Amino acid sequence: MTAWDVVRQGTWHFHHVGQKTHLRARELFREACRLDPDLAEAHLWLGRVSAGIVAYGWSDRPSEDIREGLDAALVAVRLDEKNPYSHYALAICSAYANAPEQAVLAAERAVEISPSFALGHLVLGMGQLFRGSAFEAIAPLERGLMLNPYDPQNFVWLNLLALAYLFNGRANEALAAGIKARKVRPSWRPIHETLACCYVSLGRLPEARSCVEQMRDMDTPSGDALAPLRLRSPHWAEEIALRLKEAGQSV
């Protein structure tokens, strides 16, 4: 079996987004890197899966795991600088390594290489939001979602877009994006938190309280996909907490 075969197996597991599948995908991408250290795709996929494991809270050692992802992404860029996925891997790892400025630069390079590269636009929006630039996050997130409306992880990107709208005072558009996110992943608790905040902003308290009630029956994610945002923009974290409190959640 070649390294390429192992990478293909890993991508199958990766796209079935879950803890077991992501951890299995990482094992396969590590094996592909060992089989062919010069295969850029093996390294960039190791970077991508490492970021996902950390973002979703599936890591017992997030600092070490995101470092592994960053190192792999940098190798991928060195091996194939003209591959936009290499730069995407560096961007997504940087976003969860509390380096949003590097995430923005890597994302910009990805879309310079391939202007229609959806993930490049999406991670550019993420980087802008995580660095505290909500207004600058909107256009790339909108562009990425338009280019790839059926990505299995679009519930994350739509939730980020909803927050970018919300922090710009565009609560109606935030609500619309949040509802789309819920359609993709109805059981993901952070989406309902965002929706509750949207309803509070619009003065629709009964619907906000309904979101909070639904959240009580949901599992709390083991990780916080918005941790970099809360770290860099504590005023936004406080704003979210206040709106959730108004909706009836104990925070």
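Screening Glu142, Glu173, Glu207 for residues that are out of contact with any strand residue (DSSP E or B) (no Cβ under 8 Å at 6 or more places or on another chain), of a type in the set (Asp, Glu) and within 25 Å of Asn83 (Cβ to Cβ) leaves exactly one candidate, Glu142. Trp188 satisfies every condition listed in (1) surrounded by fewer than 24 Cβ atoms within 10 Å (Cβ to Cβ); (2) under 22 Å from Ser116 (Cβ atoms) except (2).
Total residues in the stretch 211-228 satisfying the condition of being of a type in the set (Val, Ile, Thr) and either within 17 Å of the chain's Cα centre (by Cα) or at pLDDT below 85 (or both): the figure is 1. For the subset of the stretch 140-185 comprising residues that are touching a residue at least 24 places away in the same chain (Cβ under 8 Å) and outside any helix (DSSP H, G or I), which member is nearest to Ala91 (Cα to Cα)? Top of the filtered list is Gln153. Do we find that Leu44 is at negative phi and surrounded by fewer than 24 Cβ atoms within 10 Å (Cβ to Cβ) in this structure? Criteria not met by Leu44. Any chance the stretch 204-212 includes a residue that's touching a Phe, Trp or Tyr at 6+ places or on another chain (Cβ under 7 Å), surrounded by 17 or more Cβ atoms within 10 Å (Cβ to Cβ) and under 28 Å from Ala99 (Cα atoms)? Within the stretch 204-212 (the criterion being touching a Phe, Trp or Tyr at 6+ places or on another chain (Cβ under 7 Å), surrounded by 17 or more Cβ atoms within 10 Å (Cβ to Cβ) and under 28 Å from Ala99 (Cα atoms)), the answer is no, since none of the residues qualifies.
Scanning the stretch 112-139 for residues that are within 22 Å of Cys93 (Cβ to Cβ), without any contact (Cβ under 8 Å) to a residue 24 or more places away in the chain and not polar (S, T, N, Q) yields Glu112, Glu136. Of the helices (runs of 4 or more DSSP H) lying entirely inside the stretch 1-71, those containing at least 3 residues that are β-branched (Val, Ile, Thr) and touching a helix residue (DSSP H, G or I) at 6+ places or on another chain (Cβ under 7 Å) span 3-15, 40-55.
The values are calculated or read from the model by the stated rules, or taken from the named source; none is laboratory data. Since this is a predicted model, take the numbers as computed values, not measurements. Glycine gets a Cβ as well: all are built from the backbone with ideal geometry, and neighbour counts include every protein chain shown.
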